[in-house]
Amino acid sequence: GNAKLRYQITSGNTGGVFDVEPEVGAIFIAQPLDYEQNKRYKLHVLASDGKWEDYTTVTVNVVNKNDEAPVFTVNEYYGSVTEELDGSPVFVLQVTASDPDKDADQEALRYSLHGQGAESEFIIDEVTGKIYAQRTLDREERAVWRFVVLATDEGGEGLTGFTDVIINVWDINDNAPIFPCPLSCHGDVSENSVIGTSVMEMTATDLDDSAVGQNAVLSYRIVGILDVTNSKQGGVPTFSEMFSINPTTGTITVGLGGLDREQIESYLLVVEARDGGGMTGTGTATIQVKDVNDHAPRFIDHSCQARISENAEPNAEVLELAAEDRDTGENAQLTFSVVAGDQEQKFYMVSHKQEQHGVLRLKKRLDYERHSEQKFNLTLKVEDLDFSSFLHCMVEVEDYNDHAPVFIPHFLSLAPLPEDISVGTSVARLVASDSDSGQNRDITYSLSEDSDTEGLFTIDQSGVLSVARPLDREKTAQHQLVVIATDHGIPALTGSATVQLPLLDVNDNGPEFEAAYSPVVFENVAGPQVVRLNQTSTLLRAMDRDSPENGLPFHFTVPPEYRYSNDFYLQDNLNGSATLTALRTFDRERQKEFLLPIVMSDSGHPAKTVTSTLTVTIGDQNDHAHVAGEKHISINSHRGRMPTTVLGKVYAPDPDDWDNKTYVFEGHMPR
């Protein structure tokens with residue numbers, strides 16, 4: 001136990017980096033070593049057995065280890081290179097790094113370039129850290145390049161440090177100003193705008209650097225103004241300063257007053273933009289002059305007349321009117337109306353605003369027969385949003401044949417006239433009236449054929465009704481004549497009146513047999529015998545077509561030469577009838593009939609006497625036998641053929657002619 005040792009570090013152990021096994025004496029590392037902080041330690045070590053001690057010094061040399069990455073002199077490097085430089089490669093800048101490791105070989109650092117454009121646009125010398133541009137640069141494509149440069153110690157095999165490198169490409173004036181509108185920039189301004197009114201911005205762009213120098217600082221001017229309103233060749237130069245431009249901002253404003261769209265509605269401006277380096281670019285600005293409602297509409301026609309028939313239907317077109325307005329767009333949309341001369345609102349107007357015409361139409365039916373509706377002096381108005389003008393229009397209404405002729409009175413009863421009134425005698429005058437005008441009121445008079453089928457009357461064009469042919473009361477006791485008045489309109493209209501004309505009887509008809517007498521007196525009958533005039537009566541009666549005062553009683557007689565005849569005797573019964581008596585026996589085979597003149601008189605004043613014949617037939621008795629008869633008939637046959645043929649009546653001679661014979665074949669009947 002007296003020989004058991006214990007070890008202990010008593011001093012020199014800075015930071016407690018080392019420790020010792022107390023029973024073994026093995027010194028070991030207790031904390032990490034840092035060459036850069038302490039390169040050597042002198043440790044004082046004690047050995048003790050509990051009573052006795054001894055000391056020794058242990059020197060520990062710390063060998064350096066590569067634990068520090070290279071460090072650049074600055075965190076960011078800035079460099080610049082001018083665009084479009086020839087003679088590559090072009091030196092841009094140099095980066096420098098150092099190795100913080102003690103006794104490190106600074107010459108063993110190696111540089112490398114990383115990022116878009118490394119090894120293509122830019123390269124770096126790996127030993128010196130110099131960066132070069134190896135291609136011609138275009139600032140307008142890329143103005144700033146950003147890279148990361150790495151520095152690696154131990155010949156590129158050790159630790160690595162990094163820094164940022166920012167390279168600006170310096171601008172040269174290699175771009176002319178450009179206006180953004182490919183063909184033409186567009187602006188607009190209202191006509192009559194005051195001087196200084198802003199029209200549009202005509203701004204160009206310059207791809208050069210606006211932050212450095214004057215390469216992208218632009219100034220503007222107008223180099224030409226063209227009037228393109230009425231030109232198909234691209235414009236007509238106008239020698240005016242109608243527009244001006246702010247040289248700094250490119251704002252185009254009205255330069256002169258008096259912009260008039262109706263004269264020039266479109267301008268073409270050629271604008272030049274110049275940068276600080278003297279490069280120029282041009283652009284065109286098309287300026288539309290916007291319409292302002294500064295013109296009143298006008299009717300194209302200075303006078304207006306129209307005609308319309310009174311039978312026109314509502315909504316019928318009367319006339320169409322056109323107007324013009326030098327303005328455009330909504331300022332030229334025109335409205336038409338009737339403002340005067342139409343108290344009863346017979347008309348209205350339909351506006352076709354876009355087409356700038358209006359149609360006058362009928363609103364209510366017209367009546368020419370009203371004096372106030374024969375002519376209208378209308379005042380028509382055309383207006384836009386602010387202005388209006390007027391036109392006087394004379395509308396004449398044409399009469400339409402809408403009224404038929406009218407008789408007053410329409411029924412005329414005349415006093416009776418004698419039936420023997422002379423042909424040509426005027427019996428009445430009728431007058432019709434027509435409310436229409438012109439030929440529509442001209443009237444032609446006529447008689448209805450149905451009321452005067454025999455043409456007994458006529459009427460002239462003054463309305464005088466006359467007798468045209470002899471009248472006969474016995475045929476027509478009273479005439480109902482329909483007089484027709486026809487106007488001359490198209491189509492013609494008619495009116496009618498009825499004329500009642502009774503006739504007074506004149507004794508112009510004598511008595512006549514009441515019936516169609518056919519008396520028969522049979523032969524071989526002894527007389528005297530009363531002759532039966534028909535199957536029902538033995539009385540001879542008469543009638544008279546005249547009125548009763550010119551009729552009964554009738555008187556019957558025979559002519560003087562027949563009064564003492566031995567054949568027949570006529571007895572006047574003095575009551576309007578007579579009796580005929582056969583005085584002897586008659587033989588039909590000697591005389592078949594007798595014609596007796598009968599003289600008849602009526603009671604008229606003067607009396608009318610007529611003679612009519614009465615035919616008396618002698619009736620046949622079968623008082624004669626018939627004798628044998630003979631008839632020769634020749635028939636032609638063709639080739640032995642003959643058709644069935646009627647040969648005729650069998651000839652049987654017999655003085656009697658009323659008997660009925662029966663015929664039969666005697667013996668064999670040939671086929």
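The values are calculated or read from the model by the stated rules, or taken from the named source; none is laboratory data. All figures in this text were calculated on a predicted structure; none of them were measured in a lab. Don't worry about glycine lacking a Cβ; one is built from the backbone with ideal geometry, like all the others, and counts go over all protein chains shown. Ligands, DNA and RNA are excluded from the accessible area calculation, which covers all protein heavy atoms including side chains. Shrake-Rupley method; radii C 1.70, N 1.55, O 1.52, S 1.80 Å.
Per the Kirkwood formula applied to alpha carbons, segment 556-628 shows a radius of gyration over Rh ratio, Rg over Rh, of 1.13. Run down the lysines and flag those whose C-alpha is under 22 Å from the C-alpha of K608, throwing out any fewer than 8 positions away in its chain. Result set, ordered by chain and number: K475.
Suppose only helical runs count, i.e. DSSP H with n ≥ 4. What mean residue ellipticity at 222 nm does that imply for the chain under -39500 (n - 2.57) per run, divided by all residues and rounded to the nearest 500 deg cm²/dmol? Display every interim value, and only then the final one.
Values: 1 runs with 4 residues, N = 671.
Theoretical 222 nm ellipticity from helices: 0 deg cm²/dmol.
FRET efficiency for the T328 to Q374 pair, using the beta carbon distance and R₀ = 45 Å, is estimated at 0.60. Residues whose amide H falls under 5 Å from that of I598, counting only those 5 or more places apart or on a different chain, are S612, T613, L614, with hydrogens built in the peptide plane. Three semi-axes describe the equivalent ellipsoid of segment 138-206; taken as square roots of 5 times the Cα gyration tensor eigenvalues and ordered largest first, they are 55, 12, 9 Å. Under 5 Å between amide hydrogens, built in the peptide plane, is the criterion, and for S190 it picks out K290 among residues at least 5 positions away or on other chains.
A cut-off under 14 angstrom between Cβ atoms defines the neighbours of Q305, and their net charge, with Lys, Arg +1 and Asp, Glu -1, is -2.
Surface calculation, 1.4 Å probe, protein heavy atoms: Y7 sits at approximately 60 Å² accessible.
Pairs spanning more than 21 Å between alpha-carbon atoms, out of K102/K130; K290/K381; K346/K375; K346/K381; K592/K631: K102/K130; K290/K381; K592/K631. Among beta bridges from DSSP that stay inside segment 16-123, the antiparallel ones total about 95%.
Once you keep just the Cα pairs under 8 angstrom separated by 6 or more residues, what percentage relative contact order results for the chain?
About 6 percent, as a whole number.
Each Lys or Arg adds one and each Asp or Glu subtracts one; over the other residues with Cβ under 13 Å from the Cβ of F586, this totals -3. Protein-only accessible surface at a 1.4 angstrom probe places the residues D386, D327, D174 in the order D386, D174, D327, largest first.
With no solvent and one equal point scatterer per Cα, compute the Debye intensity ratio I(q)/I(0) for segment 587-651 at 0.13, 0.21, 0.22, 0.24 Å⁻¹ and report its log10, rounded to two decimals. Log-scaled intensity ratios, in q order: -0.71, -0.97, -1.00, -1.06. Would you mind counting up the charge near V431? Only other residues with Cβ under 15 Å from its Cβ, with Lys and Arg at +1 and Asp and Glu at -1. Cβ neighbours under 15 Å give a net charge of -2. For segment 195-319, taking Cα atoms only, Rg and Dmax work out to 24.6, 89 Å respectively. Our summary gives segment 196-344 a relative contact order of 21 percent, counting only alpha carbon pairs under 8 angstrom and 6 or more residues apart. Within the chain, the proportion of C-alpha pairs whose separation exceeds 43 Å stands at 75%.
Only protein heavy atoms count here; on that basis, with a 1.4 Å probe, K42 has an accessible area of about 120 Å². If R0 is 35 Å, the Cβ-Cβ spacing of L595 and K475 corresponds to a FRET efficiency of close to 0.75. With every protein chain in place and a 1.4 angstrom probe, the accessible-area ranking of V228, V254, largest first, reads V228, V254. The phi-based Karplus calculation (6.51 cos²θ - 1.76 cosθ + 1.60; θ = phi - 60°) puts the 3J(HN,Hα) values of segment 337-343 at 7, 9, 10, 7, x, 9, 4 Hz, whole numbers, x for Gly and Pro. Of the accessible area of segment 1-53, with the probe set at 1.4 angstrom, what percent is carbon plus sulfur? Exposed carbon and sulfur together represent 48 percent of the surface. If R0 is 30 Å, the Cβ-Cβ spacing of V292 and L183 corresponds to a FRET efficiency of close to 0.60. Accessible area of F336 (1.4 Å probe, protein heavy atoms only, ligands and nucleic acids ignored): about 10 Å².
Across segment 1-111 the C-alpha pair distances fall into 10 Å bins from zero in the proportions 11, 26, 18, 14, 11, 8, 6, 3, 1, 0 percent.
Assuming 1.306 mPa s and 10 °C, estimate D for segment 399-494 with Stokes-Einstein, Rh taken as the Kirkwood radius over Cα pairs, in µm²/s.
Once the numbers are plugged in, D ends up at 111 µm²/s.
I want to verify the translational diffusion coefficient of segment 122-243 in µm²/s; compute it with Stokes-Einstein, Rh as the Kirkwood radius over Cα pairs, at 4 °C and 1.567 mPa s.
Numbers: Rh = 20.2 Å.
Translational diffusion coefficient: 64 µm²/s.
Label separation (D657 vs Q343): 9.7 nm, computed from points 7 Å beyond Cα along the C-beta direction.
Run the numbers for D623 and L504: contour at 0.36 nm per residue of separation, minus the present Cα-Cα distance, in nm.
Length gained between D623 and L504: 37.1 nm.
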